[in-house]
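The values are calculated or read from the model by the stated rules, or taken from the named source; none is laboratory data. Here the structure is a predicted model, which is why all the values come from computation and not from measurement. Using ideal geometry, Cβ is built from the backbone for each residue, glycine included, and neighbour counts are taken over all protein chains shown. Quick note on the areas: whole protein, heavy atoms, side chains included, nothing else; ligands and nucleic acids left out. Shrake-Rupley method; radii C 1.70, N 1.55, O 1.52, S 1.80 Å.
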Amino acid sequence: MIKTFTPNDVLKNQSGELPPEDSAHLNASLSEYSELEDFADAADDLQTKIPDLLSEPSEKPLKNIMAFIQKELEEKQKS
Amino acid sequence: MNTLKASTDLDLIESFLSGNQNAFETIVRRHQKKIYSTAMLVVRDKYVAEDILQDTFLKFFKVLNEGRYQHLDKLLPFLLRISHNLAVDYIRRTSNAPIITTANGKNIFDFLNIGDEIAFDVIDKNFETERLKWAIAKLPEKQREMLLLRYFADMPFKEIAELINVNQNTCLGRMRYAIKNLKKYLVPKVKKYDQNLYPK
């Protein structure tokens, strides 16, 4: 039986939610469906670039958060 | 502190609830980069994103303190959703800022169509990454949330569906449109010119 794959299958394959036999079948047949292959490339490309989107905040928010929490807990102990 | 670093989020939460403030600091240090970056993708302002990071953890503290935290091992997705919602609320609140219009009432930046390109030229340090951030900021709210939960929190669609209480096909649909839209936004615009001015 020939199985037809959709973009949803490509996404599930990327997230590891496609059954292993379907995943192998999809990977092997992707090059035969140019539209699906383009979509898979775009999804893979996006996943690869995700670490570049992350940036580090300054130390200021952390200091403010901890100062607030300490104050709140001290007040809670008093009351 | 090293033992804390190796602990799971759940262990850290329990440790904090039994009085160890360092455990909360470890949680913040562990997740702050993704929470801050989530806010940055929406508000695109370092100072506002830091305020949102702060507010996200203070909300989490409040929920913990009141004994209302129920997400157990899903802390990062829980924090990402708070951060994203706060960022979207900020954009909604500030969208009433005055718009400069042309004589016929059109937004001058729509008319000139150069606002984003100028911003890119100034930034230009890492053009491709900045352009991707800009494109993600342009995505509809639900598509962007899906992208963040899938890639920042590394969640499978089945778990995302349970977390946000929609069915899995809705999640897959939102992600599919997010990828298609990003592709569309990132295609370079072809500048048209007046054929009469520069005939072949």
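Annotation: of all residues in the stretch A:1-40 being of a type in the set (Ser, Thr, Tyr) and in a loop (DSSP other than H, G, I, E, B), the one that is farthest from B:Tyr185 (Cα to Cα) is A:Thr4. Can you tell me which condition A:Gln77 does not meet? The list is (1) modelled with pLDDT under 95; (2) closer than 20 Å to B:Arg176 by Cα, and all the others hold. The failed condition is (2). For the stretch B:148-165, filtered to residues that are surrounded by fewer than 21 Cβ atoms within 10 Å (Cβ to Cβ) and over 20 Å from B:Arg30 (Cα atoms), the residue that is farthest from the other protein chains (Cβ to nearest Cβ) is B:Asn165.
Any idea which residue in the stretch A:15-40 is farthest from the chain's Cα centre (by Cα), counting only those that are under 14 Å from B:Arg176 (Cα atoms) and either away from chain B (no Cβ under 11 Å) or surrounded by fewer than 18 Cβ atoms within 10 Å (Cβ to Cβ) (or both)?
Initially, the stretch A:15-40 is screened for residues under 14 Å from B:Arg176 (Cα atoms), giving A:15, A:35-40.
So of that shortlist, the ones also either away from chain B (no Cβ under 11 Å) or surrounded by fewer than 18 Cβ atoms within 10 Å (Cβ to Cβ) (or both) come out as A:35-38.
On the way: A:Glu35: 22, A:Leu36: 20, A:Glu37: 19, A:Asp38: 19 Å.
Here the residue is A:Glu35.
Restricting to the stretch A:41-74, name every residue that is in a helix (DSSP H, G or I), more than 7 Å from every other protein chain (Cβ to nearest Cβ) and not β-branched (Val, Ile, Thr). The answer is A:Asp41, A:Asp44, A:Asp45, A:Pro51, A:Lys63, A:Ala67, A:Lys71, A:Glu72, A:Leu73, A:Glu74.
Taking (1) within 11 Å of chain B (Cβ to nearest Cβ); (2) open to solvent by 70 Å² or more (accessible area, probe 1.4 Å) in turn, A:Lys12 satisfies each apart from (2).
Taking the stretch B:1-93 as the region of interest, the helices (runs of 4 or more DSSP H) fully inside it that hold 3 or more residues being free of Cβ contacts under 8 Å to residues at least 24 places away in the same chain and surrounded by fewer than 15 Cβ atoms within 10 Å (Cβ to Cβ) are B:2-6, B:21-43, B:46-65. The residues of the stretch B:166-184 that are under 24 Å from B:Met40 (Cα atoms) and either touching a strand residue (DSSP E or B) at 6+ places or on another chain (Cβ under 6 Å) or open to solvent by 40 Å² or more (accessible area, probe 1.4 Å) (or both), listed by number, are B:Arg174, B:Arg176, B:Tyr177, B:Lys180, B:Lys183, B:Lys184.
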